[in-house]
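To start, the structure under review is shown below, and the notes come after it.
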Amino acid sequence: MQNVAQSWLVWELTRSPMAIGIVAFFDSIPRLLVGALGGAIADRFDRRRVLMITQTLAMIQAIILWLAVWYQVIAFWHIVVLSFFLGVVNTINQTARQSLVNSLVPREDLLNAIGLQSSVFNFSKILGPTTGGIIIAYIGIADCFLVNALSFLALIVNLQMMELPPWERKKDRQSIGADIKEGFLYVRGSRRIFHIIAISYVMAMFGAPYNRFVPIFATNILHVGPTGFGLLMSAPGFGATLAALTLASVKQMRVGIRWICIAVLGFALSLALFAFSHFFVLSLLFLAGVGFCQIAERALSNTAIQLETPPNLLGRVLSLFFMDRGLWSLGSVFMGFSASAIGISWTFAICAIVCTLAASSLLAANARRRAQIAAGQRVPPV
């Protein structure tokens with residue numbers, strides 16, 4: 001709901017694609033600036049306490065937004081600063097939260113667990129934007145921020161009630177800088193994990209920021225109001241929930257680069273079709289396809305990383321994986337500039353082509369490697 005309200009608020013204040021890109025930049029850039037630090041924090045401190053602190057700070061941010069909009073003192077720079085603050089908080093929160101899954105679920109059920117977790121998370125992408133669009137239309141933007149702020153109370157209570165494995169403080173600690181370096185060295189030395197993270201970075205730069213620009217399609221191309229905009233923002237969540245439930249129910253599936261690349265190709269095709277759709281229903285279907293393939297790529301990549309990474313390094317490796325969201329900031333700025341120059345439809349088409357080339361190249365390289373292994377040739381170690 002907050003994402004919908006914030007995007008709509010920026011569009012109403014500025015009517016500028018570049019402004020949407022700037023807010024997205026400051027919302028996502030903390031992933032690059034403090035992402036590795038967040039991983040070290042997740043491996044070093046009690047994860048429940050880390051989550052309690054981050055959720056409380058996020059609630060405070062929502063309250064400030066609500067008050068600023070309610071009293072009509074909100075300015076564009078306020079949104080930029082508050083987006084950057086929430087980006088820092090969410091960077092630390094996400095790594096700590098994801099690191100808990102591996103310690104709660106048997107390895108053989110990890111894909112199903114991550115799929116189920118994703119389905120619950122992405123269901124909010126259906127309910128939240130739809131409800132947000134209705135609230136904007138009938139009550140106002142400020143109330144979206146208020147409801148979001150109140151929702152954090154339920155999160156904090158649930159964290160307190162959860163039964164988690166006891167946290168053990170490490171006796172021999174190296175510096176936090178050494179912790180971060182250790183994570184980088186591990187990723188660099190693992191060919192498989194390096195490739196998974198690399199394709200995720202391409203998706204983050206040229207694919208994931210698409211949702212920041214949906215307001216432009218809603219108003220300028222499809223000509224729908226806040227309610228239609230809410231439905232458009234909900235469509236990827238519907239597709240993502242379907243993908244997550246599918247992965248949650250899969251009994252046997254070899255998680256690897258091949259399936260990850262197939263998901264990226266599906267994402268690119270759906271994005272390109274949405275870019276040139278002028279029919280509301282078709283746009284909803286194509287956005288659902290975008291959401292389906294995007295969450296499939298994320299869940300498969302997350303599972304592969306968690307299966308192959310030692311528990312003592314998991315937070316740091318996951319933080320490098322989640323740093324791809326920091327590239328959303330650069331991608332958002334690129335899309336904003338490009339949309340202003342050549343139009344949003346052709347911008348989406350270019351991004352789809354880049355994702356297609358990246359996935360095809362990685363598929364070809366993976367196929368050559370498999371052929372070499374089958375032929376008994378010596379290949380570089382994973």
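The values are calculated or read from the model by the stated rules, or taken from the named source; none is laboratory data. Model, not experiment: these values are computed from the prediction. Virtual Cβ from ideal backbone geometry, glycine too; neighbours counted across all protein chains shown.
Residues of the range 353-376 that are within 17 Å of Trp259 (Cα to Cα) and aliphatic (A, V, I, L, M): Leu357, Ala358, Ala359, Leu362, Leu363, Ala364, Ala365, Ala367.
Report, by residue number, each residue of the range 92-150 that is aliphatic (A, V, I, L, M) and not in a helix (DSSP H, G or I). Spell out how you get there, then give the answer.
Step one: filter the range 92-150 for residues aliphatic (A, V, I, L, M), giving 92, 96, 100-101, 104-105, 110-111, 113-114, 116, 120, 126-127, 134-137, 139, 141-142, 146-147, 149-150.
Correct list: Val105, Ile139.
When Ala240, Ala244, Ala235, Ala248 are checked against the criterion of being assigned to a helix (DSSP H, G or I) and free of Cβ contacts under 8 Å to residues at least 60 places away in the same chain, a single residue qualifies: Ala235. Any chance the range 311-330 includes a residue that's small (Gly, Ala, Ser), closer than 16 Å to Arg212 by Cα and touching a residue at least 60 places away in the same chain (Cβ under 8 Å)? Scanning the range 311-330, I find at least one residue that is small (Gly, Ala, Ser), closer than 16 Å to Arg212 by Cα and touching a residue at least 60 places away in the same chain (Cβ under 8 Å), so the answer is yes.
Give the residue, chosen from Val80, Val4, Val69, Val23, that is buried (at least 16 other Cβ atoms within 10 Å of the Cβ) and either over 20 Å from the mean Cα position of the chain (by Cα) or not in a helix (DSSP H, G or I) (or both). Walk me through how you get there before you give the answer.
Values: Val80 fails: either over 20 Å from the mean Cα position of the chain (by Cα) or not in a helix (DSSP H, G or I) (or both); Val4 fails: either over 20 Å from the mean Cα position of the chain (by Cα) or not in a helix (DSSP H, G or I) (or both); Val23 fails: either over 20 Å from the mean Cα position of the chain (by Cα) or not in a helix (DSSP H, G or I) (or both).
Residue meeting the stated conditions: Val69.
What about Val202, is it farther than 30 Å from Arg15 by Cβ, assigned to a helix (DSSP H, G or I) and touching a Cys at 6+ places or on another chain (Cβ under 7 Å)? Before you say what the answer is, go through the steps one by one.
Values: farther than 30 Å from Arg15 by Cβ: yes; assigned to a helix (DSSP H, G or I): yes; touching a Cys at 6+ places or on another chain (Cβ under 7 Å): yes.
It is true that Val202 is farther than 30 Å from Arg15 by Cβ, assigned to a helix (DSSP H, G or I) and touching a Cys at 6+ places or on another chain (Cβ under 7 Å).
Residues of the range 212-238 that are buried (at least 20 other Cβ atoms within 10 Å of the Cβ) and of a type in the set (S, T, N, Q): Ser234 alone.
For residues that are of a type in the set (Ser, Thr, Tyr) and surrounded by fewer than 22 Cβ atoms within 10 Å (Cβ to Cβ), tally how many sit in the range 7-20.
So in the range 7-20, the residues of a type in the set (Ser, Thr, Tyr) come out as 7, 14, 16.
Subsequent filtering for residues that are surrounded by fewer than 22 Cβ atoms within 10 Å (Cβ to Cβ) retains 14, 16.
Here the count works out to 2.
Pick from the range 112-149 the residues that are among the small types (Gly, Ala, Ser) and crowded, with 22+ Cβ neighbours inside 10 Å: which of them is nearest to Gly291 (Cα to Cα)? It would help to see each step written out before you state the result.
Let us first name the residues in the range 112-149 that are among the small types (Gly, Ala, Ser), namely 113, 115, 118-119, 124, 128, 132-133, 137, 140, 142, 149.
From the residues that got through so far, the ones that are crowded, with 22+ Cβ neighbours inside 10 Å too are 115, 118, 128, 132-133.
Values: Gly115: 14, Ser118: 12, Gly128: 15, Gly132: 19, Gly133: 19 Å.
Restricting to residues being among the small types (Gly, Ala, Ser) and crowded, with 22+ Cβ neighbours inside 10 Å, the top hit is Ser118.
Can you tell me which residue is nearest to Ile156 (Cα to Cα) among those in the range 1-33 that are among the β-branched types (Val, Ile, Thr) and at pLDDT below 85? Checking each candidate, the answer is Val4. No other residue among Arg298, Arg258, Arg254 is of a type in the set (Lys, Arg), within 28 Å of Leu357 (Cβ to Cβ), at pLDDT below 85 and out of contact with any Pro (no Cβ under 9 Å at 6 or more places or on another chain) apart from Arg254.
Looking at the range 106-125, can you tell me whether even one residue there is β-branched (Val, Ile, Thr) and more than 19 Å from Gly35 (Cβ to Cβ)?
Just the residues of the range 106-125 that are β-branched (Val, Ile, Thr), to begin with: 114, 120.
Restricting the remaining residues to those that are more than 19 Å from Gly35 (Cβ to Cβ) gives 114, 120.
Yes, there is a match, as at least one residue in the range 106-125 is β-branched (Val, Ile, Thr) and more than 19 Å from Gly35 (Cβ to Cβ).
Scan the range 102-111 for residues that are surrounded by fewer than 18 Cβ atoms within 10 Å (Cβ to Cβ) and not charged (D, E, K, R) and report the count. Before you say what the answer is, go through the steps one by one.
Residues of the range 102-111 that are surrounded by fewer than 18 Cβ atoms within 10 Å (Cβ to Cβ), as a first pass: 103-109.
Within this subset, residues satisfying the condition of being not charged (D, E, K, R) are 103-106.
Total satisfying the criteria: 4.
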